1. Of the residues Ile75, Ile154, Ile115, which exhibits the maximal mean-square fluctuation in a Gaussian network model of the chain defined by a 10 Å Cα contact cut-off?
2. Anyone know which of Arg173, Arg213, Arg223 comes out most mobile in the 10 Å Cα GNM of the chain?
3. Give me the lysines in straight-line cross-link reach of Lys68: C-alpha distance below 20 Å, same-chain residues under 8 apart excluded.
4. Out of the DSSP beta bridges found with both residues in the range 1-158, what percent are antiparallel (nearest 5)?
5. To check my understanding: the extent here is largest minus smallest coordinate of the Cα atoms along each principal axis. What are those three numbers for the chain, in Å, largest first?
6. Mind listing the long-range amide H neighbours of Ile51? Cut-off is under 5 Å, sequence gap 5 or more, other chains count too, H placed in the peptide plane at 1.01 Å from N.
7. Taking a cut-off of 25 Å between Cα atoms, list the lysines near Lys135, but don't count ones fewer than 8 places away on the same chain.
8. Can you tell which of Val128, Val45, Val155 shows the greatest fluctuation in a Gaussian network model of the chain with Cα springs below 10 Å?
Amino acid sequence: MIDKRVKNAKEAIAGISDGMTLIVGGFGLCGIPENSINALVESNVTDLTCISNNAGVDDFGLGLLLQKKQIKKMIASYVGENAEFERQMLSGELDVELTPQGTLAEKCRAAQHGIPAFYTPAGYGTEVAEGKETKEFDGKMHILEHAFKADYSIVKAWKGDHAGNLIFKGTARNFNAPMAGSGNITIAEVEELVEPGQLDPNEIHIPGIMVQRIFQGEKFEKRIEQRTVRKRP
């Protein structure tokens, strides 16, 4: 069994250089690879194209890379919680490609499974469809979307073993699962790294063949974007 462990986030991101395209897991601030993002900030790598559900918030997640102008293009489905993201987009400092959320997930999954392209009705008749091939299926128009091509995919899992097998927890599974294996090299940071054989095979979401590097993260903050609670009766 191949041991895919690396010591830390700094060693995990080795090889990521200026101008590369990264797919970064997470849903909102849930399940983002915090340690890997912090390592990228410290590396000062620049001109990145980042593909993610969103760009974090101003002082956390991918928002940290935006603050240092390390991202030149952001491909995402949601802008809402990041004022700096909005400012850079409106000022023209940042190239932004907004993608329907389901399409973004499927473009990752297609890359993961070696599917070059697929048809979807999402976005037909809007700016999303401009310049894209269209085709009618069962009386409904669809647009052709191509799978993402990325140099690295960086995901965060709840548990993993030395061989790269991963288990995600709750909402963190939304985008991390289809993003694992969607880049040429996949980096996985996990909350708990265990010995081979300790994970129940029936619970594994992503097999180790899709992961090239794995390490145990530390000091996960697990922030909440908008805390909403009801008053006690």
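The values are calculated or read from the model by the stated rules, or taken from the named source; none is laboratory data. Being a predicted model, the structure only gives us computed values, none of them experimental. In case anyone asks, the SASA skips ligands and DNA or RNA and just uses the protein heavy atoms, side chains included. Shrake-Rupley method; radii C 1.70, N 1.55, O 1.52, S 1.80 Å.
1. Largest GNM mean-square fluctuation: Ile115.
2. Arg223
3. Lys10
4. 40
5. For the chain, the Cα extents along the three principal axes come out at 54, 51, 38 Å.
6. Close amide H contacts, sequence-distant or interchain: Leu22, Ile23, Val24, Ile75.
7. Those lysines meeting the cut-off are Lys107, Lys149.
8. Of Val128, Val45, Val155, the Gaussian network model singles out Val128 as fluctuating most.
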